[in-house]
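Taking it in order: structure first as structure tokens, then the write-up.
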Amino acid sequence: MTPIRIETTLSIVKPDGFKKRLIGKIIQKYEESGLTLAAIQRFDLTRAKAEGFYSVHKERPFFPSLIEFMTSGPVVVMAWRGEGAIDKVREINGATDPKKAAPGTIRALWGESIQNNIVHGSDGSGTSKFEVSYFFPDLR
Ligand code: IDP
Ligand code: MG
């Protein structure tokens, strides 16, 4: 039997998702997948906070625009916990580009562009640890 791996991963409802009032629908999708909410908070990200979060992308051409976008309105940051939580959240979110995202995923349903794609999800166990503690340093 494969051992059960309980993970905690970070999801963000980005400013486009917040403006479209999708918070409830997004939470419902994660809950229906069996994941459990471990932390949630609304933030108005400062430029510095957004830049630190996306620092792996700082040399990419889209970085300035991404920071503009992420600071354009409130976000809702959540930690979700459960078996295989990292992959589950990324599956529910769908591919980065909404046009390439599988039908029924959050990005396919509501995303408008490769940048304005409604949600974030951590991409691995290293990044999830960094990202969860970046927003929820006291979570255990
Ligand atoms: P991910 O969110 O699916 O993990 P990443 O490649 O890590 O995708 O990119 C982080 C975020 O940067 C994306 O979710 C999206 O908002 C934005 N982004 C990624 N690639 C592009 C691009 O080519 N043009 C504009 N924005 C992009
Ligand atoms: Mg990523």
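The values are calculated or read from the model by the stated rules, or taken from the named source; none is laboratory data. Quick caveat, the model's predicted, so the values are computed rather than measured. Neighbour counts run over all protein chains shown; Cβ positions are idealised from the backbone, glycine included.
If you check PHE136 against the conditions, is it surrounded by fewer than 20 Cβ atoms within 10 Å (Cβ to Cβ) and either at positive phi or touching a residue at least 60 places away in the same chain (Cβ under 8 Å) (or both)? Yes.
Of all the criteria given as (1) on the phi > 0 side of the Ramachandran plot; (2) part of a loop (DSSP other than H, G, I, E, B), the one not satisfied by GLY82 is (2).
Looking only at residues of region 42-67 that are charged (D, E, K, R) and surrounded by fewer than 14 Cβ atoms within 10 Å (Cβ to Cβ), we find that the one that is nearest to SER133 (Cα to Cα) is ARG42. Are any of the residues in region 95-108 at pLDDT 95 or above, part of a helix (DSSP H, G or I) and more than 21 Å from ILE40 (Cβ to Cβ)? For region 95-108, residues at pLDDT 95 or above, part of a helix (DSSP H, G or I) and more than 21 Å from ILE40 (Cβ to Cβ): present.
On the given criteria, is GLY94 within 14 Å of ligand 1 (Cβ to nearest atom) and either under 22 Å from LYS19 (Cα atoms) or loosely packed, with under 13 Cβ neighbours inside 10 Å (or both)?
So GLY94 fits the description; yes.
The set of residues from region 1-56 being among the small types (Gly, Ala, Ser) and either in contact (Cβ under 8 Å) with a residue 40 or more places away in the chain or more than 21 Å from LEU109 (Cβ to Cβ) (or both) comprises SER11, GLY17, SER33, GLY34, ALA38, ALA39, ALA48, ALA50, GLY52, SER55.
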